[in-house]
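Just so you know, all these numbers are worked out from the coordinates, no wet-lab data involved. Worth saying up front: this structure is predicted, and the values here are computed from it rather than measured. No Cβ is skipped: glycine too gets one built from the backbone with ideal geometry, and neighbour counts run over all protein chains shown.
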Amino acid sequence: MGKGNKAINNSFVKTVFKGNILIPLPKVLFENRYHPMFSLISPTHCDFCGTKLNVNSHYTRSILTSYGTITRDVTYWICPNCKKNFHDQIVGVTGSANYSDEFYDKQMLVRYDGRCSLHNSRIIGEAYTEGLTDISGRAPCASSLWWHEQKQAEFSKQELLEQKIGCNGTFYVDGDWIKDGWKKKLETLMGRDISEKEWKKMRYKSVYVIATEEKVILDFEITNRLPPIEALMPLFIRIKNRFPEGKILKIVSDEDKAIIGAVRNVFPEVSHSFCVFHQLKNVSKRYCDEFKSIENIPVNDEFVNYEICQLIRSDTVISAVIHFQNVLKLESNLRLSEASHKAISYAKEIFKKNVNLLKKGITPETDNTMEQIFSLIGDIVDMARSFKTESGLANFCYNLFTYFNKRYFRTGKWRGYSPLMRAKFQYGPG
């Protein structure tokens, strides 16, 4: 093999027969047996009375798949005794739909990878299917894809909540706001009109997610905006029941009072840390806004930046107080930029907050696991339309988080691995 050449991947080899390329179809589990996709399963006896069925009629069905449009000659059957009707089952096609399940699944990947709304996933899907079908660019409508997602969520839920995963004992939890609800329906239930100001407060739900350091999402809970402690306790109780005693060593969150209270109630013996990544990021932003880059900060301002960062990272009250006093001295004795004055003002805000957490035994953590997870979630949700029902939002989350766990990293040393694969590689199957 010459320099620069790559070995041929024989898994993509296709067979040519009479001028046509033959593509081997995958096998699909159907009634405890594996059958080739799109094969026909014919009923023989009536499900109600057990009488042997008679042929009623024949029909040719056209099904849109990722392999092109496939036609199958199906038979419709009738029971001569109770006159009930039956038809052949096509493996990999749900009910009487004109789209195969694997095509729906690929459309869902288009939606999540494309980070688009349900409506726009059809537009992206049309570009995705161009050239694959006899009707160029055809794709399922948003309604068809939505119904498929609701059904798929049952499998996603089971997979998400039952997955066995090894970890280092540190768990991360955070929440994000998502638009939810149908204003007219809610007004009907309340018997009055809702003002725009009220609706902006009422339409948001909080989705709290718990994950491992490897970014494997374990579970989530949907609550009202600014939930009480009791609303998050079911999430932590499920996690406690899922992992053996002693397996959970530390929980990392932000300063959310509901999370802190729920952790204290469910995991009183577990170490709790608060993530200061966003605090450090806010300090850097103040300097970057003025100097474009951290490397361009003047010497006097570097001293201030260093002390503020050390204040944020302090894991004891004494250390935090010392660095805070150093910041105040620098403010009094040095000529500083406007960025430093803004950063010092911010440091005064968070000093009291961080000290209160340290007094409760909650230490700082700089890992940005949840920041990275919610970066992807936010990209998708921001593009999505408001969810009309809470069940629809929950089903969307089950599908999204199950997909996220299997999604390959595209950069870094773990490129080509998913969070689940990385966790299994590092800690075993769990």
message: Taking the number of other C-beta atoms within 10 Å as the exposure measure, put PHE17, PHE155, PHE291 in order starting with the fewest.
response: PHE17, PHE155, PHE291
query: For helix 338-359, what angle does its Cα long axis make with the longest principal axis of the chain, in degrees from 0 to 90 and rounded to 10?
result: 80
query: Over the chain, what is the percentage of antiparallel beta bridges among all DSSP beta bridges, to the nearest 5?
result: 75
- prompt: Just LYS52, LYS240, LYS106 to compare: in a GNM of the chain, with alpha carbon springs under 10 Å, which one fluctuates most?
  reply: LYS52
- request: Under 25 Å Cα to Cα from LYS342, which lysines show up? Leave out anything in the same chain fewer than 8 places away.
  value: LYS281, LYS285, LYS292, LYS329, LYS352, LYS353
- prompt: By how many degrees, 0 to 90 and rounded to 10, does the Cα axis of helix 317-333 deviate from the longest principal axis of the chain?
  reply: 60
task: Round to the nearest 10 and give me the degree value, 0 to 90, for the angle of helix 142-162's Cα axis relative to the longest principal axis of the chain.
output: 70
query: Once the convex hull of the C-alpha atoms of region 277-365 is built, how many Å³ does it hold per residue, rounded to a whole number?
result: 78
Inter-probe distance in nm under a simple model that places probes 7 Å from Cα toward Cβ, at LEU29 and TYR306: 5.9
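Quickly estimate the mean residue ellipticity at 222 nm for the chain, helices only: each DSSP H run with n ≥ 4 gives -39500 (n - 2.57), and the total goes over all residues, rounded to 500.
-14500 deg cm²/dmol
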